Amino acid sequence: MFFHALNIDSSSRKALQHVAKSTGIPVARLKAIDAHGFEPTAAEIERLAAFLGLTEIAFRLRTGFLSRPLRKLLAASADEIDKLLGAKLGNVASFNQTPSKTVAPSFSTDFGVLYQGDCVEIMRSLPDQCCDLIFADPPFNLDKLYPSEMDDDLRQDHYLEWCEGWLDQCARLLRDGGSLFVYNLPKWNTFLSAYLNKHLTFRHWIAVDIKFSLPISGRLYPSHYSLLYYTKGGRPANFQPDRMPMEICPSCLVDLKDYGGYKDKMNPLGVNLTDVWYDIPPVRHAKYKKRKSANELSIKLLDRVIELASKEGETILDPFGGSGTTYAVAEMKKRKWIGMEIGPVEDIISRMKDLKDENQYLERIRDGYNKLFLPEHAAARKARGLWTASSFNNRSPENLEEKQQLLLGPY
Ligand SMILES: C[S@@+](CC[C@H](N)C(=O)[O-])C[C@H]1O[C@@H](n2cnc3c(N)ncnc32)[C@H](O)[C@@H]1O
């Protein structure tokens, strides 16, 4: 990006060495500015601009490194710039609205429709504000081999530019109050979050614990994926997080957390969901995987997101189908869904045709929510003389009238 903007031939070692020698900026630093978009320091800009025979302003305009004073100057000169660029600017402004050809669906159910193709193209063909919830789990640019054989090893600026393209569409397709979740590595989500902050309202950075990761030399042990949670406009139209059972020791069943010592004030319908999710299992075993390669998310994760941010009958879109986890969970939870996948879609289709086992698994997952203890744990704790929700009979979950209020109550 940076080399390209300055007409520097980055494929030629000699050309790079010449720039480095003339400016005193090492080749490695020049490459980092280009690959990572690091802003050159004021001194580096001065030397680079002098070497290229540019003014500082021309250098900054060409490379996009717009300082705050320059942004102010551009804003103050808006009328003159408008006159100067007039027609050209008109084309840029209408770029994102380019209408797309209609794409035919590959598969549909009573609730959903699956398209095969590029998600940006397909999303462009959909009308504004047609979705209540969007969940996106894009490729992480880790050089993985996907069935579509897509390039998963892009330069950083190309990957981010591509992400901004589909994020623009997500923001457009969300209705007011709708929610967007983006699952990615923390490194990428720092950039995507900065971009999304300009379009949507930040709600949470959710850390999803990684169960089986490997240490990386010279780094902290990577232990979480990032799940960004944004809404369109100020307040979310839906926000119904499940309540979680209290953390207890799996063998001796004693409390693992103190919760301020207020046992009698613990909500019998469980503990408030936090922004750290420790309980999402990886889908690793070949027996459970719905397609051989690439990442597949747990239905437990999608169930939690869908429950939190949508109601039955509402519409969920996922631009990156993979094995179709979002569509399977949406279907089981009676949400409408819009799916798309650039690679083969046969595995998604066969999955959608038989959701019986997954439905049973989903029921088992949901049995564990919205109660302070699982029934078997409550009984075993009682037998061991440990407190349970019914030890404090003024807050019993059996009292249905109280239930609604308890859902909103403390902890
Ligand atoms: C990380 S996987 C998604 C996994 C999915 N969440 C699941 O649980 O199975 C990303 C998927 O996005 C697909 N993909 C990549 N680029 C795409 C594009 N431009 N349009 C549609 N799908 C794309 C890849 O082929 C891959 O299957």
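The values are calculated or read from the model by the stated rules, or taken from the named source; none is laboratory data. Keep in mind it's a predicted model, so treat the numbers as computed, not measured. FYI the Cβ positions are ideal-geometry reconstructions off the backbone, even for glycines, and counts take in every protein chain you see. Areas reflect the complete protein model, heavy atoms only, side chains present, ligands, DNA and RNA absent. Shrake-Rupley method; radii C 1.70, N 1.55, O 1.52, S 1.80 Å.
Is it true that some residue in segment 198-217 is away from the ligand (no atom under 16 Å from the Cβ), in contact with a strand residue (DSSP E or B) (Cβ under 8 Å, 6 or more places away or on another chain) and among the charged types (D, E, K, R)?
Yes; the residues of segment 198-217 include at least one that is away from the ligand (no atom under 16 Å from the Cβ), in contact with a strand residue (DSSP E or B) (Cβ under 8 Å, 6 or more places away or on another chain) and among the charged types (D, E, K, R).
Among the residues of segment 146-179, write down those that are of a type in the set (Asp, Glu) and either within 16 Å of the ligand (Cβ to nearest atom) or surrounded by 14 or more Cβ atoms within 10 Å (Cβ to Cβ) (or both).
Selection gives Glu149, Asp151, Asp152, Asp153, Asp157, Glu161, Glu164, Asp168.
Exactly one condition in (1) among the hydroxyl-bearing types (Ser, Thr, Tyr); (2) modelled with pLDDT under 95; (3) open to solvent by less than 80 Å² (accessible area, probe 1.4 Å) is false for Thr102; which is it?
Unmet for Thr102, out of (1) among the hydroxyl-bearing types (Ser, Thr, Tyr); (2) modelled with pLDDT under 95; (3) open to solvent by less than 80 Å² (accessible area, probe 1.4 Å): (3).
Of all residues in segment 200-232 being at pLDDT 95 or above and assigned to a loop (DSSP other than H, G, I, E, B), which is nearest to Glu164 (Cα to Cα)?
Going through the qualifying residues, I end up with Leu200.
Out of Glu363, Glu331, which single residue is modelled with pLDDT of 95 or more, away from the ligand (no atom under 16 Å from the Cβ) and on the phi < 0 side of the Ramachandran plot?
Matching residue, one of Glu363, Glu331: Glu363.
Restricting to segment 324-348, give me the number of residues that are assigned to a helix (DSSP H, G or I) and surrounded by fewer than 17 Cβ atoms within 10 Å (Cβ to Cβ).
Selection size over segment 324-348: 1.
Which members of segment 246-270 meet the condition of being open to solvent by less than 40 Å² (accessible area, probe 1.4 Å) and part of a loop (DSSP other than H, G, I, E, B)?
Answer for segment 246-270, where residues must be open to solvent by less than 40 Å² (accessible area, probe 1.4 Å) and part of a loop (DSSP other than H, G, I, E, B): Met246, Cys249, Leu253, Met266, Asn267, Pro268, Leu269, Gly270.
Inside segment 122-145, can you point out the residues that are within 10 Å of the ligand (Cβ to nearest atom) and crowded, with 19+ Cβ neighbours inside 10 Å?
Ile122, Met123, Phe135, Ala136, Asp137, Pro138, Pro139
Can you tell which of Leu227, Leu180, Leu173 is of a type in the set (A, V, I, L, M, F, W, C) and either in contact with an Asp or Glu (Cβ under 6 Å, 6 or more places away or on another chain) or farther than 25 Å from Ile365 by Cβ (or both)?
Only one candidate qualifies: Leu173.
Which one of the conditions (1) at pLDDT below 90; (2) under 20 Å from Leu160 (Cα atoms); (3) open to solvent by 90 Å² or more (accessible area, probe 1.4 Å) does Phe2 fail to meet, given that it meets all the rest?
(3)
Out of all the residues in segment 336-348, is one or more more than 16 Å from the ligand (Cβ to nearest atom) and not small (Gly, Ala, Ser)?
For segment 336-348, residues more than 16 Å from the ligand (Cβ to nearest atom) and not small (Gly, Ala, Ser): present.
Answer yes if at least one residue in segment 287-304 is under 26 Å from His377 (Cα atoms), in the same structural domain as Ala136 (by TED's automatic domain parsing), in contact (Cβ under 8 Å) with a residue 24 or more places away in the chain and open to solvent by 60 Å² or more (accessible area, probe 1.4 Å), and no otherwise.
No - not one qualifying residue is present in segment 287-304.
Based on what the data block shows, is Pro186 surrounded by fewer than 16 Cβ atoms within 10 Å (Cβ to Cβ) and modelled with pLDDT of 95 or more?
yes
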